[in-house]
1. With N residues in region 341-390, what two-decimal value do you get for its Cα radius of gyration over 2.2 N^0.38 Å?
2. Compute the orientation-averaged projected area for the chain from the convex hull of its Cα atoms and round it to one decimal in nm².
3. Considering all alpha-carbon pairs of region 166-206, what whole percent are spaced by more than 11 angstrom?
4. Under 10 Å, Cα contacts only: if you run a Gaussian network model on the chain, which one of Gln322, Gln141, Gln122 comes out with the highest mean-square fluctuation?
5. Filter Lys104/Lys257; Lys51/Lys267; Lys179/Lys314; Lys179/Lys382; Lys267/Lys313 down to the pairs with a C-alpha to C-alpha distance above 23 Å, please.
6. Using 10 Å bins from zero, what percent of all Cα-Cα pairs in region 242-327 falls into each bin?
7. Which of rounded, prolate, oblate describes region 50-166, given a ≥ b ≥ c as roots of the alpha-carbon gyration tensor eigenvalues and a/c under 1.5 marking rounded, otherwise prolate only if a/b is larger than b/c?
8. Take the alpha carbon gyration tensor of region 288-416, find the square roots of its eigenvalues, order them as a ≥ b ≥ c, and report rounded if a/c is under 1.5; if not, report prolate when a/b exceeds b/c, else oblate.
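The values are calculated or read from the model by the stated rules, or taken from the named source; none is laboratory data. This is a predicted model, so every value here is computed, not measured. FYI the Cβ positions are ideal-geometry reconstructions off the backbone, even for glycines, and counts take in every protein chain you see. Side chains are part of the model used for accessible areas, which takes the heavy atoms of the whole protein and leaves out ligands, DNA and RNA. Shrake-Rupley method; radii C 1.70, N 1.55, O 1.52, S 1.80 Å.
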Amino acid sequence: MTNKRNHTPICTLIFVAFFLFSLPISLNAQQTLESINQALRYSRYSRLALKIIPVQENDRTFVLQMPIEKIEEDIEFETYQFAFAVLSGFQDSIDEQNLIPLSKEDLKGNTDFHFFFEKRVQIPEDQQVAIAFLQAIDTRQGDVYYYHIDLISPFVLGHPNFWAYYNDRVPFDQSFVLKNEALEFKGRSGVNLHAFHYPTIFEAPLPPMEIRPANVPKEITVNYEGEFFLNTPKSFGKDGYYFIQADTNSTNGMLVKTVHESFPKVKDYEEMVEMVVYISTRREHEALREAKDKKLALDQYWIGMVKDEESAKKVIREYFKQIEFANILFTDFKEGWKTDRGMVYTVMGPPNEVFFRPNGELWSYFTGDSNSKITFTFARVKNILTPNYYILNRSRALQPEWFKSITSWRNAQMVF
């Protein structure tokens with residue numbers, strides 16, 4: 001960045017100063033968690049990634065760990081205005097009355113990759129639902145980033161009283177870790193934790209218009225890996241996912257999925273073959289799987305489909321960029337691209353609108369006619385492994401737009 005002296009009219013400076021000081025919390029007056037569009041959470045051009053990690057001290061007390069990933073380089077703290085709240089439902093007003101500003105003095109950590117806040121909250125005994133909410137406003141153009149997570153609700157079984165941390169003491173803010181990479185676990189009580197390993201490998205999900213039930217494994221293998229100490233590095237060396245618990249008689253725990261060293265990007269041609277299932281015919285995909293030389297088969301597949309080498313390169317870059325983002329955004333015990341949300345994200349792109357409900361998530365895409373849109377509804381399902389497990393409500397009505405997007409991919413016309 002070059003330093004140049006700009007001669008700006010004084011009236012402009014006064015307006016900018018007024019805008020910046022008046023922008024933050026009042027911007028969202030009278031909005032609710034149900035009414036705000038959270039599409040920026042899944043944008044390919046986001047500058048921040050917000051997260052709230054609750055550590056549960058007792059039934060009504062939580063420590064809210066709030067790491068904010070710096071996606072944009074050289075971010076200054078003053079560029080953003082941060083605030084948090086604890087809501088009692090999706091209809092609570094989000095405004096200056098219940099948002100608590102977070103200043104530079106509130107930072108628990110400020111690293112090359114994260115801002116990190118931490119706050120302890122007490123939930124009243126008569127409050128049936130508690131939702132932690134985090135907001136960041138970009139003062140340059142007014143973009144608003146949001147994140148929320150249930151502390152107490154019918155959809156969560158509770159939260160662990162421990163967590164994992166990176167070497168820089170910032171909380172582990174994702175569900176996947178490179179195989180054999182170490183994390184350090186810290187807890188509020190006790191001296192050791194228990195590790196359970198699940199070697200399960202999942203298939204890609206069925207397409208949105210396929211209403212028959214998906215195949216579900218009749219049995220899931222789980223291996224008890226024994227105890228390990230808090231406050232010492234712990235690595236995970238097996239494929240699959242791990243569930244870490246302080247108390248094996250409880251449902252509370254932490255999910256850790258192991259991934260290869262190239263993740264969230266594609267690893268090799270074998271994996272590429274699996275990932276193109278969403279835009280391939282059944283015959284094409286079977287031929288790719290059976291091919292001895294996967295690289296040659298994939299080259300022929302892309303060129304044969306797109307008809308032009310330069311266009312094929314463009315489609316390959318875009319498609320696997322979508323896979324990469326799906327892995328970052330949606331990985332849980334499955335790789336992100338294998339989840340329902342990851343499948344829709346890969347084929348349809350980032351949604352234009354994202355609205356949350358207590359029992360689900362709605363994604364809308366604007367179609368050719370600016371007055372119409374198609375909506376994918378993801379039902380929230382209670383799951384011991386993660387509080388954010390969603391399954392697509394499949395419908396044959398989704399087929400026309402789904403096939404239209406696949407055709408755009410195959411014709412090298414998909415643009416985000």
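1. The value comes to 1.27.
2. 24.4 nm²
3. Percent of Cα pairs beyond 11 Å in region 166-206: 79.
4. Taking springs between Cα atoms under 10 Å, the residue moving most is Gln141.
5. Numbers: Lys104/Lys257 33 Å; Lys51/Lys267 27 Å; Lys179/Lys314 31 Å; Lys179/Lys382 27 Å; Lys267/Lys313 17 Å.
Those over the limit are Lys104/Lys257; Lys51/Lys267; Lys179/Lys314; Lys179/Lys382.
6. P(r) for region 242-327, in whole percents per bin: 15, 38, 23, 12, 9, 2.
7. Values: a/c = 2.20, a/b = 1.44, b/c = 1.53.
Oblate is the answer for region 50-166, as a/c is 1.5 or above yet b/c matches or exceeds a/b.
8. Numbers: a/c = 2.41, a/b = 1.44, b/c = 1.67.
Oblate, because a/c is 1.5 or more while a/b does not exceed b/c.
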